[in-house]
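**Q** First the structure, then my questions, so here it is.
Derivation of every value follows stated rules applied to the coordinates shown; laboratory data play no part. Bear in mind that the values here come from a model prediction, so they are computed numbers and not experimental data. Cβ atoms come from the backbone with ideal geometry, glycine included; neighbour counts cover every protein chain shown.
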Amino acid sequence: MRGYVGVTDNDWYRFLAARPETAAAEVNFWRPGGGRGFHALTVGEPFFFKTHSPDNRVVGGGFFSGFAALRMSEAWQLFGIANGVSGFEEMRARIAHYRRRPIAPGEDPEIGCVFVRNVTFFPAGVSFAPPPGFAANIVQGKTYDMAEHSVSGYFTDLMQLVLGHEIEIDFGQPWHDTGPVFGDPRLAPYRLAQQAFKAVVLNAYHGHCAITATKIRPVLQAAHVKPVTDGGENRLDNGLLLRSDVHTMFDRGYLAVDPSYRLRVSPRLRDDFGNGEQFYEKAGQVIALPDKRMDRPQREFLEWHIDTVFKAS
């Protein structure tokens, strides 16, 4: 299993540590320089926070929930104070400080957003020294194989503190097992928190509706193929980016996507409303999809939607 130790802004950490109810859900560990991607972890792997020098201590941790490149305003709209600031103007000033240049009026720069869920910040007076091999000149962070003998004991102790209880951990076992890992649901792979789900779906579909290609962001919504209320999860391969009206039609069974990613349109759309020609024209066409195959909707979720929700007749 991998773990990542990220260097955190001290003000960001202190703001969220004082608001444990916000941190416990999900936070945005933003990067001011833009959306170069974050490939150090897969969803569900541990992410730890280390303060800058001279403090230079590990002060908490959580579980990686996804990455998206978002405009600054979008990050604020989705995460609010979970960005580690009290207001949008403060966030704007902090980003400008790290970019080392003013943000022009009306400018809405893109930032890299690393989402971390189930965050625990340690109690006052409790912290860890940086892990072995963490050089003083590391600016962003470092990935570790936590199964390595030289660090496994360190990360075992650190994980117990993050989880808040003792747990049997084998850092050497395969990570992407089905369902909860090591008996703790916070360690389950693929699962995203709600706001991260919205952000990573928006990012994976490049800000375009998968069916209509609409790119007007205020009307785009992250749709679940299998809803959470029916046992689905907030995971990228259970998501589609849809225009709001298309989302409603999908949820009500007038539209579906088959396992070959072709659009299906219910005859009931015409029968019930005498409308929908724009969708009948697209019937049988492959929808727009994320670049990575693993990010595309899973066959089992699409089949569930067709069998359970779609109005076939």
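**Q** In a shell of Cβ-Cβ distance under 13 Å around MET294, excluding MET294 itself, what net charge do Lys and Arg (+1) and Asp and Glu (-1) give? Provide the component values of the computation, followed by the final result.
**A** Working: positive: ARG235, LYS292, ARG293, ARG296, ARG299; negative: ASP237, ASP291, ASP295.
Its environment carries a net charge of +2.
**Q** If you don't mind, another one. Excluding same-chain residues fewer than 8 positions from LYS198, which lysines have a Cα within less than 26 Å of its Cα?
**A** Counting by Cα, and skipping residues close in sequence, LYS198 has these lysines nearby: LYS215, LYS226, LYS282, LYS292.
**Q** Tally the DSSP beta bridges in the chain and give the antiparallel ones as a percent, rounded to 5. Kindly include the intermediate steps, with their values, before the conclusion.
**A** Details: 37 of 42 bridges.
For the chain, the DSSP antiparallel bridge percentage is about 90.
**Q** So which residue, out of ASN238, ASN118, ASN137, gets the largest mean-square fluctuation from a GNM of the chain using Cα contacts under 10 Å as springs?
**A** Most flexible of the set in this elastic network: ASN137.
**Q** Using only the alpha-carbon atoms, how far is helix 88-99 inclined from the longest principal axis of the chain? Give it as 0 to 90 degrees, nearest 10.
**A** 60 degrees
**Q** In which sequence would SER244, SER65, SER150 go, from the one with the fewest C-beta neighbours within 10 Å to the one with the most?
**A** Details: SER244 14, SER65 28, SER150 11.
Lowest to highest Cβ neighbour count: SER150, SER244, SER65.
**Q** Report Rg(Cα)/(2.2 N^0.38 Å) for region 1-102, keeping two decimals.
**A** Numbers: Rg = 13.3 Å, N = 102, 2.2 N^0.38 = 12.8 Å.
This ratio for region 1-102 stands at 1.04.
**Q** Right, here's the next one. For the chain, set up a Gaussian network in which alpha carbons nearer than 10 Å are linked by springs, and say which option among PRO259, PRO132, PRO290 fluctuates the most.
**A** PRO132
**Q** Over the chain, what relative contact order in percent results from Cα pairs under 8 Å that are six or more residues apart?
**A** Details: 574 pairs, mean separation 54.3, N = 313.
It rounds to 17 percent for the chain.
**Q** Here's a follow-up. Report the GluC sites (Glu not before Pro) located in region 214-288 that are in a DSSP loop and have at most 12 other Cβ atoms inside 10 Å of their Cβ, or state none.
**A** Details: sites: GLU233, GLU277, GLU281; in loops: GLU233, GLU281.
Taking region 214-288 and a limit of 12 other Cβ atoms within 10 Å, the loop GluC sites (Glu not before Pro) found are GLU281.
**Q** How far is helix 194-204 tilted, in degrees, relative to the longest principal axis of the Cα atoms in the chain, given as a value from 0 to 90 rounded to the nearest 10?
**A** 70 degrees
**Q** Taking the chain as the reference, fit the longest principal axis to its C-alpha atoms, fit the long axis of helix 299-308 to the helix C-alpha atoms, and give the angle between the two in degrees, 0 to 90, nearest 10.
**A** 50 degrees
**Q** Next question. What is the sum of charges, Lys and Arg at +1 and Asp and Glu at -1, for the other residues whose Cβ falls under 11 Å from the Cβ of PHE67? Before the final figure, lay out the partial values.
**A** On the way: positive: ARG31, ARG36; negative: none.
Here the charged neighbours net out to +2.
**Q** For ALA18 and SER313 in one chain, what is 0.36 nm times their gap in residues minus the Cα-Cα distance, to one decimal in nm? Walk me through the numbers on the way to the answer.
**A** Details: separation 295, 0.36 × 295 = 106.20 nm, distance 5.49 nm.
Contour length minus Cα-Cα distance gives 100.7 nm.
**Q** Where does the charge balance sit around LEU241 when Lys and Arg score +1, Asp and Glu -1, over other residues with C-beta under 15 Å from its C-beta? Intermediate values should be presented prior to the final figure.
**A** On the way: positive: LYS198, LYS215, ARG217, ARG235, ARG243, LYS292, ARG296; negative: GLU74, ASP237, ASP245, ASP251, ASP291, ASP295.
Net charge in that neighbourhood comes out at +1.
**Q** Sticking with this one: Taking every eigenvalue of the Cα gyration tensor of region 206-313, multiplying by 5 and rooting it, what semi-axes result, largest first, whole Å?
**A** On the way: eigenvalues 78, 54, 34 Å².
The equivalent ellipsoid of region 206-313 has semi-axes of 20, 16, 13 Å.
**Q** Another one. Between GLN285 and SER260, what is the spin-label point distance in nm, taking each point 7 Å from the Cα along the Cα→C-beta axis?
**A** 1.7 nm
**Q** Just for the Cα atoms in the chain, what are the lengths along the principal axes, largest first, rounded to whole Å?
**A** Principal-axis extents of the chain (Cα, largest first): 68, 51, 30 Å.
**Q** For ALA25 and THR42, compute 0.36 nm times the residue count separating them, minus their Cα-Cα distance, and round to one decimal in nm. Can you show the working numbers first?
**A** Working: separation 17, 0.36 × 17 = 6.12 nm, distance 1.86 nm.
Between ALA25 and THR42, full extension yields 4.3 nm more.
**Q** Follow-up. What order do you get for SER86, SER127 when you list them from fewest to most C-beta neighbours inside 10 Å?
**A** Working: SER86 12, SER127 17.
By the 10 Å Cβ count, ascending: SER86, SER127.
**Q** State whether region 2-186 is rounded, prolate or oblate according to the following rule on the C-alpha gyration tensor (a ≥ b ≥ c being the square roots of its eigenvalues): a/c under 1.5 gives rounded; otherwise a/b larger than b/c gives prolate, and the remaining case gives oblate. Don't jump to the answer; show the numbers that get you there.
**A** Details: a/c = 1.80, a/b = 1.64, b/c = 1.10.
Verdict is prolate for region 2-186.
**Q** Given a Förster distance of 25 angstrom, what is the FRET efficiency for THR248 paired with GLU110, based on the Cβ-Cβ distance and rounded to 0.05? Intermediate results must be reported in sequence, preceding the final value.
**A** Details: r = 30 Å, r/R0 = 1.18.
After rounding, the FRET efficiency stands at 0.25.
**Q** Sticking with this structure for a sec: Where is the GNM fluctuation largest for the chain (alpha-carbon springs, 10 angstrom cutoff): ALA75, ALA129, ALA223?
**A** Evaluated over the chain, the most mobile residue of the options is ALA129.
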